[in-house]
Amino acid sequence: MSAKINSVQCLTSPDALKRTLSIEFGFDDDVEYAPGDSFGIWAPNDEALIRGVLAALEVKDNDLTKYYKLEGEGIPSHLQPVQSATLLDIFRYSVDLTSVPKKANIRLYADHATDLSDKQKLMFLTSKQGTDLFNAFRAQGPTFLDILHTFPSIKIPLARVLETLPPLQPRYYSITNSPMAKNGHRRWACAFNVITYEFPEGVKRRGVCTPWLDQLSGKVPFDKKAVTTGFDHLRLPMFLKPNETKFNLPVDTMKPVIMIGPGTGVAPFMGFLEHRAEQRKIKKRFMNIGTGSRQHLEDHFGEMWLFYGCRHREKDWLFRESMEQFKKEGVLTELQVAVSRGEDVPTNNGKYVQDLIKKESMRVWNLLDKKGALIYVCGDAKGMAKSVHDELINVLVEHGGFEKTAAMLELNKWAQEKRYLRDLLKDNSISTAANSSTMVEVTGHRESNMDDLCEAEDELDGDDDDHDIKDR
Ligand SMILES: Cc1cc2nc3c(=O)[nH]c(=O)nc-3n(C[C@H](O)[C@H](O)[C@H](O)COP(=O)(O)OP(=O)(O)OC[C@H]3O[C@@H](n4cnc5c(N)ncnc54)[C@H](O)[C@@H]3O)c2cc1C
Ligand SMILES: NC(=O)c1ccc[n+]([C@@H]2O[C@H](COP(=O)([O-])OP(=O)(O)OC[C@H]3O[C@@H](n4cnc5c(N)ncnc54)[C@H](OP(=O)(O)O)[C@@H]3O)[C@@H](O)[C@H]2O)c1
């Protein structure tokens, strides 16, 4: 499946801590999905990083665009489709160049170091005695290219490199719109932070997908409106990832829902809200309800509560206008916004979503107990989700008369019954294969399964001015 970029909007002000974009993708044909689903997108590696790796591996310029296939026993599954592709494309789309190399890989690089001192250092890094050094080394987030630069005597065959690098993974984004909205079946929108960061030593890094999307969509400035022009000719490879945990709106529209999602964790809930707004419109039309009769509608739809969190109201309150509009229309019954930094932060410890749940705990309990509300949590698995979980336990203890252990068990039961649903970001761990294959040049080639992916990359026009992978 391939999509074009319909529009892009920067949701955060220039002085916000993070740059957050909302991008809408468009399809020529209808696509099936439900609010709560995500899509995957195949983003290529950064062009300057690829060129850097290939240069460090001493690949000659005129070999970059020759076509190759991998031959031999036990080619890793992600490289099996490589029947005929240029080196540039293999390094663009098939292998992960940004993750920190594993010990097993470093041992392999040691085997291929031609300088004794490099070999010894690499061997020490992977030894038991070298554990502290290895941990310090890992903490700096070194990539394969950093290792090649630090240990230039590593001379490793290309095929060996390819089979030891992990596969490049697609990146996933929650869909922020509803198929019921106008042209909803022909578009998927999403919201994400553009990932750039710096290690304490000053080494700058950036994500694979989000800076690429930022660059492709024109690095638009902060604006209240989405920018729509100029992207018609691009086609980006993507696919649907239906939500496997039933993180979707309940079929029974009377069921109240409590949505908890700070930052971009609010993404799927924007889809929920748009969906409910459309359901309400249909009901209104069907029942012939006039614009003033909101109460009639309320009888058919359960309450929708949103606990959202940002740092500064003016700088990074994502989707503020839409949220306020949903509230005005009655789609959103309760909008609770936690502000964590700046002058708006309440002095009485109310800066996070879990603090607002605490503040509203009696009403939250009533919604859970009397109306059987469903709870949805989306976003960061480490800090936020754990604190929200603890606060929900407190709600059950304080207002439901549960002992703490019983409250924990009750929440577990709700999770099993899909009444307490969480869509949280976990790290993908990737395994590598260590087999033996060879690169064989393919002559007379003209068609590659990667050719269609390259068009978008060509659009980048070799512009890597702001490439910030630092050589060490
Ligand atoms: C089902 C699902 C749905 C998702 N939906 C969304 C969504 O709607 N919106 C959204 O924004 N994301 C979402 N994600 C996450 C998204 O898929 C990507 O992981 C994210 O956008 C980063 O992609 P990237 O390629 O730009 O960065 P990557 O190349 O993947 O780099 C990210 C990695 O960089 C490292 N890193 C980042 N910041 C720092 C730092 N400060 N210090 C040190 N290391 C750091 C971390 O190791 C992190 O894992 C979702 C993930 C899943 C699995
Ligand atoms: N379906 C999915 O799996 C899915 C969908 C969307 C997004 N995501 C992921 O979810 C994450 C969302 O994070 P984000 O980067 O967008 O958020 P963010 O901008 O880092 O933070 C948003 C707000 O949360 C606050 N916060 C920080 N620590 C917290 C804690 N322990 N408890 C509660 N609030 C806390 C922040 O406050 P301070 O910084 O001031 O402390 C800020 O006000 C991203 O990693 C994104 O990739 C996953």
On the principal axes of its Cα set, how long, how wide and how thick is the chain? Give whole Å, largest value first. 76, 52, 43
Students often get this wrong, so check it: of 284/328; 371/418; 255/351; 241/283; 327/413; 119/155, which have C-alpha atoms separated by over 23 Å? 255/351; 241/283; 327/413
From fewest to most C-beta neighbours within 10 Å, the residues 174, 153 line up as 153, 174
For segment 321-396 versus segment 1-76, the gap between their alpha-carbon centres in whole angstrom: 34 Å
Protection proxy (average C-beta count within 10 Å per residue), highest first, orders 90-103, 240-253 as 90-103, 240-253
Relative to the first principal axis of the alpha-carbon coordinates of the chain, what is the inclination of helix 361-371, with its axis defined by its Cα atoms, in degrees from 0 to 90 and to the nearest 10? 80 degrees
Express the relative contact order of the chain as a whole percentage, based on alpha carbon pairs under 8 Å and six or more residues apart in sequence. 25 percent
For the pair residue 286 and residue 359, how long in nm is the line joining their label points, each one 7 Å along Cα→Cβ? 3.7 nm
Segment 198-307, dipole about Cα centre (Lys/Arg Cβ +1, Asp/Glu Cβ -1), debye to the nearest 20: 260 debye
Tell me which of 409, 335, 266 sits at the most positive position along the dipole axis of the chain, charges placed on C-beta atoms (Lys, Arg +1; Asp, Glu -1). 409
So what is the 222 nm mean residue ellipticity for the chain from helices alone, if each DSSP H run of at least 4 adds -39500 (n - 2.57) and you divide by all residues, rounding to the nearest 500 deg cm²/dmol? -10000 deg cm²/dmol
Can you tell me, using C-alpha contacts under 8 Å and at least 6 residues apart, the relative contact order of segment 248-417 as a whole percent? 27 percent
Out of every Cα pair in segment 248-417, what percent are spaced more than 28 Å from each other? 24 percent
About its Cα centre, segment 248-417 carries a charge dipole, from +1 on Lys and Arg Cβ atoms and -1 on Asp and Glu Cβ atoms, whose size in debye to the nearest 20 is 360 debye
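Readers should treat all values here as calculations from the given coordinates under stated rules, not as data from a laboratory. Treat the numbers as computed from the prediction; the structure is a model and nothing was measured. Don't worry about glycine lacking a Cβ; one is built from the backbone with ideal geometry, like all the others, and counts go over all protein chains shown.
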